[in-house]
Amino acid sequence: MNKLRLLLVDDHQVVRVGLRAVLEAEAGIEVVGEAATAAQAIQQAGDLQPDVVIMDVRLPDRSGLAACQNIRSRWPRIQVLVLTSYADEELVLEAIDAGAAGYILKQLNTDELVNLVRAVARGDAVLDPAVTQKLLQRVRRAEHDSHEAAFRVLSGRELDVLAFVAEGKTNAVIGAQLNLSEKTVGNHVSTILSKLAVTNRIEAATYAVRHHIERIRPL
């Protein structure tokens, strides 16, 4: 059975030595090279053709992510696993764009590291749980911002009215719920239609549902 061939890229020798000791203690794994710079990483990736490159983000000459992109574009068979101390969602997204198969933090234990290296070699994508949580939070913030933007032209009271319109409530019922006269509710509805550039209540309700008004104005 062929051994899993690894290239270690980190500008700190002590880190490389530690990684080599941990990884080569595992059956079926061989560290075929080490690099301290992005230029060395690219050169050795081409020369050694490892299965997986374990890449730090911060390198003295160039970003490890730039090296990752270079390696992946020239030798797509080689997988790159980013191993870093930075739980930064921007860096995670950049790593994914650069073609990295994984992004993990140096705080993980040795068994986890070995398992993730093997997973990346199989073609799986891996993310550190702490990083995944940050990404999910970012996505939720982006979704919330998107929903808010859809209703930005409306006042708070108009949002209240539209939320009830989306539930199919009549002006009279809405007025009773919000302690407004039926005429005032009607005026709000007319303003809402104008601001959203829709022609009737059904279109307004459809707009509200499509843009998830319940996430902005839960009732």
Scoring the chain by relative contact order with C-alpha pairs under 8 Å, at least six apart, yields a percentage of 13
The stretch 151-215: relative contact order from alpha carbon pairs under 8 Å, six or more residues apart, as a whole percent, is 38
Comparing Leu23, Leu59, Leu193 in a Gaussian network model of the chain (Cα, 10 Å), the one with the largest mean-square fluctuation is Leu193
If unit charges are put on Cβ atoms (+1 for Lys and Arg, -1 for Asp and Glu) and the dipole of the chain is taken about its Cα centre, the option from Leu93, Val53, Gln79 lying farthest towards the positive end turns out to be Leu93
Simple spin-label estimate for Val17/Asp124, 7 Å along Cα→Cβ, in nm, reads 3.2
If one compares the long axis through the Cα atoms of helix 38-48 with the longest principal axis of the Cα atoms of the chain, the angle in degrees, nearest 10, works out at 60
Under 24 Å between C-alpha atoms, the lysine pairs in the chain lying 8 or more places apart or on different chains count 5
So the compactness index of the stretch 45-116, its C-alpha Rg divided by 2.2 N^0.38 Å, takes the value 1.05
Debye calc, one equal point scatterer per Cα of the chain, no solvent, log10 I(q)/I(0) at q = 0.08, 0.10, 0.14 1/Å comes to -0.48, -0.58, -0.76
GNM of the chain, Cα pairs under 10 angstrom: of Val52, Val32, Val92, the biggest fluctuation goes to Val32
If the chain between Gln49 and Val209 were fully extended at 0.36 nm per residue, the gain over the current Cα-Cα distance would be 52.4 nm
Log10 I(q)/I(0) at q = 0.12, 0.17, 0.18, 0.26 Å⁻¹ for the stretch 151-215, from Debye over equal alpha-carbon scatterers, is -0.23, -0.48, -0.54, -1.18
Quick calc, the chain, dipole around Cα centre from Cβ unit charges on Lys, Arg (+) and Asp, Glu (-), nearest 20 debye, gives 680
Residues Ile54, Ile202, Ile96, Ile42 in order from fewest to most other beta-carbon atoms within 10 Å are Ile202, Ile96, Ile42, Ile54
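Just so you know, all these numbers are worked out from the coordinates, no wet-lab data involved. Computed from a predicted structure; not experimentally measured. Virtual Cβ from ideal backbone geometry, glycine too; neighbours counted across all protein chains shown.
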